[in-house]
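*Asks:* Got a structure here, written out as structure tokens. Questions coming.
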Amino acid sequence: MLEHTAEAKKFYKSRAWQKCRATYIQSVFGLCERCSEPGKIVHHKKYINAQNVNDPYITLNHDNLELLCQDCHNKEHFEKYSPLREGFKFDDKGNLVEV
Ligand SMILES: [Zn+2]
Ligand SMILES: [Zn+2]
């Protein structure tokens with residue numbers, strides 16, 4: 001259920017995502033959509049997983065994206081999965097890394 005599997009990591013490095021992400025950030029003026037602080041992480045509302053990581057309708061669809069600041073992104077994930085309890089945390093780029 002983790003958003004950042006090996007497959008997902010490849011995706012996050014892809015040119016298509018970099019471009020999609022950049023245009024999305026511009027479209028929301030670079031602000032967190034929940035609290036209006038400067039946004040940092042483009043979050044997928046429908047989380048990326050091993051099944052959908054190659055589906056552009058999920059991964060590259062602006063309708064499935066949300067620009068969040070670090071705090072709001074942490075809240076989003078901690079509330080649903082509590083990744084910290086499973087030995088993961090977010091680094092400053094919003095990547096889930098093993099503690
Ligand atoms: Zn926020
Ligand atoms: Zn996220």
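The values are calculated or read from the model by the stated rules, or taken from the named source; none is laboratory data. Every value quoted in this text rests on a predicted model; they were computed, and no experiment measured them. Note: ideal-geometry Cβ built from the backbone for every residue, glycine included; neighbour counts use all protein chains shown.
*Asks:* Can you name the condition, by its number, that ILE25 falls short on among (1) within 10 Å of the chain's Cα centre (by Cα); (2) within 15 Å of ligand 1 (Cβ to nearest atom); (3) in a helix (DSSP H, G or I)?
*Replies:* It is condition (1) that ILE25 fails.
*Asks:* Also: Please specify each residue of segment 8-17 satisfying the condition of being of a type in the set (Lys, Arg) and at pLDDT 95 or above.
*Replies:* ARG15
*Asks:* Considering only residues that are away from ligand 1 (no atom under 16 Å from the Cβ) and either closer than 12 Å to GLY94 by Cβ or among the hydrophobic types (A, V, I, L, M, F, W, C) (or both), which ones fall in segment 46-76?
*Replies:* Within segment 46-76, ILE48, ALA50, VAL53, ILE58, LEU60 meet the criteria.
*Asks:* Pairs please, first residue from segment 51-71 and more than 12 Å from CYS20 (Cβ to Cβ), second anywhere and away from ligand 2 (no atom under 15 Å from the Cβ) and polar (S, T, N, Q), Cβ atoms under 7 Å, 6+ apart in sequence or on different chains.
*Replies:* none
*Asks:* Across segment 18-57, what is the number of residues that are among the small types (Gly, Ala, Ser), exposed (fewer than 14 other Cβ atoms within 10 Å of the Cβ) and modelled with pLDDT of 95 or more?
*Replies:* Total satisfying the criteria: 4.
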